[in-house]
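Engineer: Can you keep this structure in mind? I'll have questions shortly.
Rule-based calculations on the coordinates, nothing more; no lab input. These figures come from a predicted structure and were not determined experimentally. For neighbour counting, all protein chains shown are included, and Cβ atoms are generated from backbone atoms with ideal geometry for every residue, glycine included.
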Amino acid sequence: EPEVTQTPSHQVTQMGQEVILRCVPISNHLYFYWYRQILGQKVEFLVSFYNNEISEKSEIFDDQFSVERPDGSNFTLKIRSTKLEDSAMYFCASSEAIHTVTNTGELFFGEGSRLTVL
Amino acid sequence: AQTVTQSQPEMSVQEAETVTLSCTYDTSESDYYLFWYKQPPSRQMILVIRQEAYKQQNATENRFSVNFQKAAKSFSLKISDSQLGDAAMYFCAAGKVDSNYQLIWGAGTKLIIKP
């Protein structure tokens, strides 16, 4: 069964360092997403990406964050200068389509990348 | 703004019994979707069931069913014949139609299955 894969599963970094989290979405999917979950808190939407550009982003997704699809398979989340509060589990997801009245493009998640900022 | 509330941090049920997980939400949107996702220890979020708000009929998927009360803004998940493999965190989420899965999530309910 096709799946979304994420690397690394766990990354520890020093505050102020740049981090890149990688995701390989399901191959025929066109929409890509990042969510994060700070320990003990709710899952939060960060950004959605389609046709090589950001479709929607939340207030969390500030200038320190960027996303990229550098080739035909990878989808990356970059945090330019990490802060302590960026420590969280980051989930990548993909879907064949967005969820509309006539189309139920199911969302598929990866297993997450745990980021620890020291 | 949308909010999703899961008031049960943890629930436990005897294997083969039925359990209901609660979820309430608040939205001003007219077209929206509601979801239940399961997160087992493997961490991967898995869709359990979804409900389109415009549909009055409650969604069902095998042993999983929802009780969708639109006026009360309630969306509970019923798991029948609970199995050990059902043990996981369960998240309720809401999303606006055509919103690129900009989902609003509940805090989750940890479901423990007692053998």
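Engineer: In 10 Å bins starting at 0, how do the alpha-carbon pair distances of the protein assembly as shown split up by percent?
Structural biologist: All Cα pairs, binned at 10 Å, distribute as 8, 32, 35, 20, 5, 0 percent.
Engineer: In whole Å, how far is the Cα centre of the range B:42-57 from that of the range B:1-19?
Structural biologist: 15
Engineer: Another one. Given contacts defined as C-alpha pairs under 8 Å and at least six residues apart, what's the relative contact order of chain B, whole-number percent?
Structural biologist: Details: 282 pairs, mean separation 42.5, N = 115.
It rounds to 37 percent for chain B.
Engineer: What list of ³J(HN,Hα) values in whole Hz, one per residue of the range B:66-72 in order, does the Karplus curve 6.51 cos²θ - 1.76 cosθ + 1.60 (θ = phi - 60°) give from phi, with Gly and Pro shown as x?
Structural biologist: Each residue's phi maps through the Karplus curve to give 10, 10, 9, 10, 5, 5, 8 Hz.
Engineer: Ok, one more. Quick one: which residues, 5 or more positions from B:M89 or on another chain, have an amide H under 5 Å from its amide H? H modelled 1.01 Å from N in the peptide plane, none for Pro or chain starts.
Structural biologist: B:Q39, B:L111
Engineer: Something else about it: Using modelled amide H (1.01 Å from N, peptide plane; none on Pro or chain starts), what sits under 5 Å from the amide H of A:I54, excluding residues fewer than 5 places away?
Structural biologist: none
Engineer: Which ordering of B:I79, A:I38, A:I26 is given by a fewest-first count of other beta-carbon atoms within 10 Å? Walk me through the numbers before you get to the answer.
Structural biologist: Working: B:I79 24, A:I38 13, A:I26 18.
Ordered by Cβ neighbours within 10 Å, fewest first: A:I38, A:I26, B:I79.
Engineer: Can I ask one more? In the protein assembly as shown, what percentage of the DSSP-assigned beta bridges are antiparallel, given to the nearest 5? Mind dumping the intermediate values first?
Structural biologist: Numbers: 71 of 80 bridges.
Among the beta bridges of the protein assembly as shown, antiparallel pairing accounts for roughly 90 percent.
Engineer: Quote the charge dipole size of the range B:3-114 about the Cα centre in Debye, to the nearest 20; the model charges only the Cβ of Lys and Arg (+1) and of Asp and Glu (-1). Show your work: numbers first, answer last.
Structural biologist: Working: 11 positive and 11 negative charges, 15 e Å.
Around 60 debye, computed over the range B:3-114.
Engineer: Of B:D26, B:D86, B:D98, which has the largest mean-square fluctuation in a 10 Å C-alpha GNM of chain B?
Structural biologist: It is B:D98.
Engineer: What are the extents of the Cα atoms of chain B along their three principal axes, in Å, largest first?
Structural biologist: 42, 27, 22
Engineer: Then there is this: For chain A, what is one quarter of the convex hull surface built on the Cα atoms, given in nm²?
Structural biologist: Numbers: hull surface 30.0 nm².
Averaging across all directions leaves 7.5 nm² for the Cα convex hull.
Engineer: Measuring from centroid to centroid over Cα atoms, what is the spacing of the range A:39-118 and the range B:88-106 in Å?
Structural biologist: Between the Cα centre of the range A:39-118 and that of the range B:88-106, the gap is 14 Å.
Engineer: Which residue, B:F35, A:A88, A:G40, has the largest displacement toward the positive end of the dipole of the protein assembly as shown when charges sit on each Cβ (Lys, Arg +1; Asp, Glu -1)?
Structural biologist: The one lying farthest along the dipole's positive direction is A:G40.
Engineer: As an exercise, use a Förster radius of 35 Å and the Cβ-Cβ distance of B:S74 and A:Q64 to find the FRET efficiency, rounded to the nearest 0.05.
Structural biologist: Values: r = 38 Å, r/R0 = 1.08.
Calculated transfer efficiency: 0.40.
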